[in-house]
Amino acid sequence: MNWKYRLLYLAARCYWRIFHPITLGVKILLIKDGQVWLVKHSYQHGWFLPGGGVKRNEDLETAVRREAREELGAELGEVYLFGTYSAITELKNDHVVVFYCHDFTVGQADKAEILAVRPYPLDQLPSDVSRGTRRRITEYVTGGRREQSGVW
């Protein structure tokens with residue numbers, strides 16, 4: 001585990017506890033050949049959809065393309081809105097906009113933040129995939145909740 005990122009994550013959690021911020025993030029379902037690409041962060045346990053926070057003055061599509069490039073070295077073709085979700089956890093009010101993409105290439109991940117990147121068959125996800133990630137993948141596979149909103 002990368003201690004620098006772990007300490008930054010713990011500092012963020014302290015900030016959230018004090019200020020209860022409203023945050024906006026993006027995630028992407030990168031799906032090709034019956035597989036979904038997942039990332040393992042250096043500061044959290046488990047597997048997640050690639051994504052992260054939206055920066056000031058950054059639109060959502062630019063943010064998801066930047067996060068895909070940073071976390072997977074990925075270049076994306078056309079991206080589509082999948083849904084918007086809210087999570088009232090970790091003492092913050094977090095809103096996540098999820099996109100999906102079938103036309104992409106994966107390159108080199110940011111080795112400091114990302115411990116591992118790999119595709120998993122849609123029906124064989126790792127046991128330690130995050131609950132929100134598992135729900136979004138299940139919704140994708142069953143054709144549910146596209147361009148809608150819900151709980152992360």
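The set of residues in segment 1-52 being of a type in the set (Val, Ile, Thr) and surrounded by fewer than 17 Cβ atoms within 10 Å (Cβ to Cβ) consists of Ile18, Ile22, Thr23. No other residue among Glu61, Glu67 is acidic (Asp, Glu) and either part of a strand (DSSP E or B) or surrounded by 21 or more Cβ atoms within 10 Å (Cβ to Cβ) (or both) apart from Glu67. Within the set Tyr15, Tyr9, the sole residue that is without any contact (Cβ under 8 Å) to a residue 12 or more places away in the chain and more than 18 Å from Arg136 (Cβ to Cβ) turns out to be Tyr15. Summed over segment 28-55, the residues that are outside any strand (DSSP E or B) and modelled with pLDDT of 95 or more give a count of 7.
Results for (1) touching a residue at least 40 places away in the same chain (Cβ under 8 Å); (2) farther than 17 Å from Gly132 by Cβ, shown as yes or no for each residue.
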site	(1), (2)
Ile22	yes, yes
Lys32	yes, yes
Ser42	yes, yes
Arg56	no, yes
Glu71	yes, no
His95	yes, no
Ala112	yes, yes
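Looking across segment 74-84, just one residue is under 15 Å from Val117 (Cα atoms) and either part of a helix (DSSP H, G or I) or under 14 Å from the mean Cα position of the chain (by Cα) (or both), and that is Ala74. Residue under question is Val151, and the condition is that it be β-branched (Val, Ile, Thr), modelled with pLDDT under 85 and either within 30 Å of Ala12 (Cα to Cα) or within 15 Å of the chain's Cα centre (by Cα) (or both); does it hold? Considered against the rule, which asks whether it is β-branched (Val, Ile, Thr), modelled with pLDDT under 85 and either within 30 Å of Ala12 (Cα to Cα) or within 15 Å of the chain's Cα centre (by Cα) (or both), Val151 comes out as yes. If you check Pro126, Pro121 for being touching a Leu at 6+ places or on another chain (Cβ under 9 Å) and of a type outside the set (Phe, Trp, Tyr), only one passes: Pro126.
Among the residues of segment 97-116, those that are surrounded by 13 or more Cβ atoms within 10 Å (Cβ to Cβ), part of a strand (DSSP E or B) and at pLDDT below 95 comprise Ile114, Leu115.
Of the numbered criteria (1) touching a Lys or Arg at 6+ places or on another chain (Cβ under 8 Å); (2) among the small types (Gly, Ala, Ser); (3) part of a helix (DSSP H, G or I), the one Ala12 fails is (1).
Can you say whether Val129 is surrounded by 15 or more Cβ atoms within 10 Å (Cβ to Cβ), at pLDDT 95 or above and within 20 Å of Gly73 (Cα to Cα), as far as the supplied structure shows? The answer is no for Val129.
The values are calculated or read from the model by the stated rules, or taken from the named source; none is laboratory data. Since the model is a prediction, treat every value here as computed from it, not as a measurement. Quick reminder, even Gly has a Cβ in these numbers, built from the backbone with ideal geometry, and neighbours come from all protein chains shown.
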